[in-house]
Structure formats: structure tokens, C-alpha cells
1. Based on what the data block shows, is A:A361 at pLDDT below 95, surrounded by 18 or more Cβ atoms within 10 Å (Cβ to Cβ) and under 25 Å from A:P16 (Cβ atoms)?
2. Taking the conditions exactly as written (surrounded by 14 or more Cβ atoms within 10 Å (Cβ to Cβ), assigned to a loop (DSSP other than H, G, I, E, B) and of a type in the set (D, E)), does A:E144 satisfy them or not?
3. What are the residue pairs meeting all of these: first residue in the range A:382-394, first residue free of Cβ contacts under 8 Å to residues at least 24 places away in the same chain, second residue within 9 Å of RNA strand B (Cβ to nearest atom), Cβ atoms under 7 Å, and 6 or more apart or on different chains?
4. Which numbered condition trips up A:F25, out of (1) farther than 29 Å from A:K298 by Cα; (2) within 16 Å of RNA strand B (Cβ to nearest atom); (3) surrounded by 13 or more Cβ atoms within 10 Å (Cβ to Cβ); (4) modelled with pLDDT under 90?
5. If you check A:R53 against the conditions, is it over 30 Å from A:E144 (Cβ atoms) and without any contact (Cβ under 8 Å) to a residue 60 or more places away in the chain?
6. Among the numbered criteria (1) within 14 Å of RNA strand B (Cβ to nearest atom); (2) surrounded by 19 or more Cβ atoms within 10 Å (Cβ to Cβ), which one does A:A347 miss?
7. Residues of the range A:50-79 being more than 26 Å from A:R105 (Cα to Cα), in contact with a strand residue (DSSP E or B) (Cβ under 8 Å, 6 or more places away or on another chain) and either of a type outside the set (F, W, Y) or more than 16 Å from RNA strand B (Cβ to nearest atom) (or both), which ones?
8. When the residues of the range A:334-344 are filtered to those that are assigned to a helix (DSSP H, G or I) and not hydroxyl-bearing (S, T, Y), which remaining residue is surrounded by the most Cβ atoms within 10 Å (Cβ to Cβ)?
Amino acid sequence: MSKSLQAIRGMNDVLPDDMALWRSFSAIVEAWLERWGYRAIRMPLVENTALFRRAIGEATDIVEKEMYSWRDELNAEELTLRPEGTASCVRAAIEHSLVYDGPKRLWYGGPMYRHERPQKGRYREFYQYGAEAFGFPGPDVDAELIVMCARLWPELGLKGIRLELNNIGSAEERARHRADLVKHLEAHEGKLDADAKRRMHANPLRVLDSKNPLVQEVAAQAPLLAGYLGEASLAHFEGVKKLLAASGVEFTINPRLVRGLDYYNLTVFEWVTDALGAQGTVCGGGRYDGLFEQLGGKAVPGVGFAMGCERLVALMKENPDRIPAARPDAYVLHQGEGTLEVAFTIADALRRAGHAVVMHAGGGSFKSQMKKADASGAWLALIVGEDELRAGDVSVKALRGGGDQQRIGRVRVAGEFAAILEKAKA
RNA sequence: GUGGCCGUAGCUCAAUGGUAGAGUCCCGGAUUGUGAUUCCGGUUGUUGUGGGUUCGAGUCCCAUCGGUCACCCCA
């Protein structure tokens, strides 16, 4: 084992048995995104490091210690494997003037990279689907994105995913709150632990999340952001809540909900489950109206979410009956001089007619070929032996119940196969 | 990044410091051409890796790699 190479820590192979579930997950999610009017976009996995530093924020954990960054000496560039998708998506929208002719709804999917200690539901390479709506300032699209998710969970067969919501106000409101918050923290610096002190100026909102009881005491008396929210912010949030209520989507307000990326404002939300231990957030997002300008574009409002595929697939795994069995229509076996060519061309003809056909390869006794046919999960076994070869026939045997073995002329197989298959499945 | 627990056959797991095992899977056989059930037989391995203690280490110690859980963080 030690001499053989291993996958990079926190970066996982997905084996064929699991890929069946992954592909069905992807098919459901992608169809759902398209159905809601979101259009696919694809961005590179590698971007300039500066993009993430500017978008996500210098003081965030992601930028401080989780990015895979390196210097590409060939071009003298600082590069980073993307830790999330929103920054790239906004960069692409600015670069290609995507909102020139009006607002846009976009989605993307693919791997993201963060150098964290791996844990269940937390990997160094992990897949996300993200949806972003650019150019819509109103609360309706915030609500649309949230309701969208609410409708997806049942399609994936998932229950017990609850919605947490918060309003973190505008940049100006947060700046005023933040100034007062820092003052408050400074006044009680003696009670803060090292972590809280470090964050006090860099990311004071995070201090409120501390689990240290002494720090909590300080946090409990800290000025609340809610007291700094102006009419516009409150109205926006009311608008979101009204549409959620109209859609029958339940939520809890979590005033502690602070997203770990600096670009958010107004609406932030997380979809959370208790079934995954400490990594319970299955989808998270919010509004980021300042991000376009921060990245050098015109002022364009944005709102979006990203969902963690590994976590959702893990939840789907708990309902094994939803895992689709991929079975071929037929398994073709052959034995005897001259049978291979006949079997081979029959398999070819059936595939050209649209059927899923596995051709036995590698020889073996008749018995072992039958075993492989059964193990393949195929509905039918097609047998070309010496008898069939002489008679110009193929034997068709149903492997999953349904009907006796029959022989049919091999020129008729392609034409009659669909009917035979249907009968075998009945 | 910090701490706890764990690493034995492809998989799931046994083995008081004293000869590494079971189930499953896989392969072969049970009248010459028929699977899934049943019966019989067979192969599974540098016990994650590298050191150390010991007459003797899967077992004890150290390191390292990996997994897992919690902290942290987030999807």
C-alpha cells in the first residue's frame, strides 16, 4: 500500500456504484435549474488569486488559510484553485458584459477546492451547484431562489432540511453597526479570548458566534445589527418573507447567521439538516449587491446560492430505494467455432436500434458466461451457440422472470427485440 | 490548524504478547449448452507504512500516512 500512489487527501474517487446515484442527482438538479429559467455557464477552475482575495475578503478563513494558491512561474502569475463559484461567475459576467441587455439567471456546477481538514461532508475537493441572478434588485428573486430550493428537496427525496434566514442589511448599515460593535468589543477586551481578539477588527461579526461563555457574555450585550437597519433594508426583507409565506415555505430567523464570505448583504440564508453531524449546511447563499463594483464592474445587484453535492448525495444515500439500478437490456453470450462473429454483429445491430447491450468478452465456460449475464443485471440473455449457429437462430432467455426461453431467427432479432424486452420487463 | 477514536483478505469483521481466521465476493465442480437458490472444493494478506521494546508484536511504545468524530469553518 505504501508503495502505491494514493489519491490526494480530501479528494475522493467516486466509484461506479456511487456514480449511478451522482448522475441521477445531477440529472434532477440540472433539469430543475433549467426549469426555473437558469442558464448554464462554465468558468475555469483556476483564477487569479486576486479575484478571490477581493471578492471573498482578506480576513475570511477561506482566503486566510484555505486556498490552494501558487505562483505560475511560466507566466509570473499568482493563481488559485477556485474555493467557490460566485466570484468567478461575477468576473465572467463583467468580462463578457452579460448583463448589458438585461438581468440574467445563471447556473454552474463543478468542483471547488479548500484546504481544510477533511471530515464527513467536508472535503478538499468538493462539488457544488450554484445559481446566481444578476441585475435583479428586488426581494422577489431572493424569494425565488429560496423557494426553488424548497421545491428541489422533495424531488431528491429529501426531508428534514430546514431554512434559516437573516437580514444583514446594507454595507453602510453594517459599517455603522460594525464600528459600534468594535467599540463595544474593545471596551470589554479583557473578557475576549485570543481568537476573538484577533477577529475583533478583521471580522467582528464572527466574534458573536463564539462558543466561549465569557465571549458570549460580551456578545450578548453587544449592539444588534437589527437596530441599525434602515427602512429600505427592512422593507426588502419583509418582501422576501411575504413571498416565502405566500409559497408556504417555512423558515426560522437566525440573527446569528453570518456568512463566511464578505460580499453578502441584505438576505442571507442556509438550508440545514441534522442528519450529517457537524457539516449540516447543505445549501447556502444570499444577496451580494456590491460585488460587481468590488470586482471593477458597474453596479449590478446579485443574489445566489451554492449547494454541496457530496452532502446532498450523502442524504440521498439514506433512501437506498431511490438509487436507480442501471441494467442492460441484454447480455450476449457465445460459445463455439464461428459464434463470436454472429454474436458480435447481433449486439452491434441491437445497439444501433437503441438498446443497451453488453457483449460477453474474455471467454469462459457456458456456465460462467451465464453467471456473468446474471451478474450484469441484464433483462435478457442472448445465446449464440453451435446449435443456434447451424439453425441461424438466437436463443433468448429472460433472466428476471417472465417467460420461457425461445429461439428466433437471427435476422428477426433486431426487429422483434423491443417487444420481447417489454414482455420480459412485465 | 488542535484534540479523541480507528487502520487485519476486494468488502464486513474475528484473533490473552505465542502457527493470521470467519462470512461475503471471486474461481472451479455437482452427466456432455443455461444464471440467481442448494451442496462440495479452492485462492485470497509484506496485519497502512517506518522505526523501537521483547526470546517472540496484528496486539505494547514512537513517528508517519490515511479514515473518522469534535473544535473550527462552510457547501
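The values are calculated or read from the model by the stated rules, or taken from the named source; none is laboratory data. From a predicted model like this one, the values you see are computed outputs, not experimental measurements. Backbone-built Cβ (ideal geometry, glycine too); neighbour counts: all protein chains shown.
1. In short, no.
2. Values: surrounded by 14 or more Cβ atoms within 10 Å (Cβ to Cβ): yes; assigned to a loop (DSSP other than H, G, I, E, B): no; of a type in the set (D, E): yes.
Against the criterion (surrounded by 14 or more Cβ atoms within 10 Å (Cβ to Cβ), assigned to a loop (DSSP other than H, G, I, E, B) and of a type in the set (D, E)), A:E144 does not qualify.
3. That search, which allows pairs on different chains as well, returns A:D393/A:R407.
4. (4)
5. So A:R53 passes the test.
6. (1)
7. A:M67, A:S69, A:R71, A:D72, A:E77, A:E78, A:L79
8. Taking the candidates together, the pick is A:A343.
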